[in-house]
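Input: a single structure, listed below in structure tokens.
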Amino acid sequence: EDPSSSSSTQNSVAPELPGFYYDPEKNRYFRLLPGHNNHNPLTKDSIQHKAMECKRLRLLEEEEKQKKTTRAGLNSSVLLQKRQLGLLSSTSYCRLVHELKVNCMQRRKIEIHSPDSSVAGTNNFKIIVADVACERIFTVNDVEHGGCKYGIINLSGLGKESLTVEMYDNLYFTNRKVNSVCWASLTHPDSHLCLMGIAETPGCASLLPASLFSSTNPGDRPGMLCSFKISTAWSCAWCLNPQADNCFSTGLTRRVLVTNVVTGHRQTFGTSSDVLAQQFATQTPVLYNGCRSGEIFSIDVRQRNRKGQSWKATRLFHGSAVTSIHLMEAEHYLMAADMAGKIKLWDLRTAKCVKQYKGHHNEYALLPLHVNEEEGLLIAVGQDCYTRIWSLQDAHLLRTIPSPHPSSKDAIPSVVFSSRLGGSRGVPGLLMAVKQDLYHFSYN
């Protein structure tokens, strides 16, 4: 009899005993001690961590082998044949080709170059956010003595065989932790950055020129455009609709603050819960907000705030705190994720959930969603440090990517996905930042 099947059979029939752990390899029980104990490795946390690490290493080994698609019979020759025979529409053909490419992505480490040799590879990545053209990404790195260091990575070097990128940072802005970042278009597309910093008390909102992070003479760099202290800061969003020009919002504790960075005018909207996620619509000056209470609501920023909750328009409800929202391109649908690990697609016209994407893992972290409608893909990184990719069309889980580093609270990857990383002539794929390393999953 196969030993592996024997051990798995014994493990499946071994009864659970309170206070004991059954080791299938040694075929015996061991006593569990409550809590964390450095002298006895047999605690529930250590056993769970060991099992997760074994699973991660096994998946990494499988990643090195030829990937198999999660849909039966899906390969390039079959797809092309069906397309030529007229059995597949052009839309379905393109969607399935993207699914096939996602399953064939291979990981390669990127070398980070910097004018300052002390910059690259010295601090852990916390957040990476790409501009609209995906030519550069803004990075937030944790520093050992507390606070964060900001930088911009130029992705033009991704097209080369050596996979190198250049990173520029500005060490001046290192005093606060950062909860949320978004690109802002003040003087031209993606010319500035909105930063939501949080200290013990108070928090801080800042609008920084992106030119601060460049290779030019530091003496020529412009200063901060605006910065002000606020209560605990959770989220931010920039408005691209001309009816609310030059405005950005900040999601705070039990209120929303909309600020015009040119005139300095501010509007405050009181809420019953902390606002953890925000996004402006493009076709109308409407701001969508996701709250700790699980409520999602919209605000038309053209109206003046009134007492009570009558200014709330669309209202949706999740069963747990909403950590991320994404308004789809046509603005009829809204994608939202919560701290129960649920990802739902809502129809804003009927206020009903029309799809649910299963497999995401979250318990308490503020984890973003990445939606790419052109390729028909949804990407999310779970609290378990796995990156999962779904089909937007039918909510099918296409691929689960293990982290190159052991799973931990301070090693949750931050990702960017685009069909044109590095610009219009760039290389497609997934960019993953974890710990001090940057990885590229080629999408060719």
Answer residue from the stretch 127-180, given it is in a loop (DSSP other than H, G, I, E, B) and touching a His at 6+ places or on another chain (Cβ under 9 Å) and is modelled with the highest pLDDT among those: L163
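Do the conditions hold for K101, that is, is it modelled with pLDDT of 85 or more and assigned to a helix (DSSP H, G or I)?
Spelling it out, K101 is indeed modelled with pLDDT of 85 or more and assigned to a helix (DSSP H, G or I).
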Subset of the stretch 340-360 (residues that are open to solvent by 20 Å² or more (accessible area, probe 1.4 Å), charged (D, E, K, R) and either touching a residue at least 24 places away in the same chain (Cβ under 8 Å) or part of a strand (DSSP E or B) (or both)): K342, K344, K352, K355, K358
Could you pull out every one of the strands (runs of 3 or more DSSP E) wholly within the stretch 361-406 that has 1 or more residues that are without any contact (Cβ under 8 Å) to a residue 60 or more places away in the chain and either within 13 Å of the chain's Cα centre (by Cα) or surrounded by fewer than 16 Cβ atoms within 10 Å (Cβ to Cβ) (or both)? 369-372, 377-381, 387-391
In the stretch 407-418, what residues are open to solvent by less than 30 Å² (accessible area, probe 1.4 Å) and either touching a helix residue (DSSP H, G or I) at 6+ places or on another chain (Cβ under 9 Å) or of a type in the set (V, I, T) (or both)? S407, V415, V416
Could you list, in sequence order, all residues of the stretch 420-438 that are open to solvent by 20 Å² or more (accessible area, probe 1.4 Å) and in a strand (DSSP E or B)? R420, V427, P428, D437
Within the stretch 251-308, tally of residues that are surrounded by 21 or more Cβ atoms within 10 Å (Cβ to Cβ), among the aliphatic types (A, V, I, L, M) and touching an Asp or Glu at 6+ places or on another chain (Cβ under 9 Å): 3
If you go through E25, E1, E16, the only one that is at pLDDT below 65 and over 30 Å from Q106 (Cβ atoms) is E1
Is the stretch 225-237 home to any residue that is open to solvent by 30 Å² or more (accessible area, probe 1.4 Å), part of a loop (DSSP other than H, G, I, E, B) and modelled with pLDDT of 90 or more? no
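The values are calculated or read from the model by the stated rules, or taken from the named source; none is laboratory data. Keep in mind the model is a prediction, meaning the values are calculated, not measured. Positions of Cβ are backbone-derived with ideal geometry, glycine not excepted, and every protein chain shown enters the neighbour counts. When the accessible area is computed, the model is the full protein with side chains, heavy atoms only, and any ligands, DNA or RNA have been set aside. Shrake-Rupley method; radii C 1.70, N 1.55, O 1.52, S 1.80 Å.
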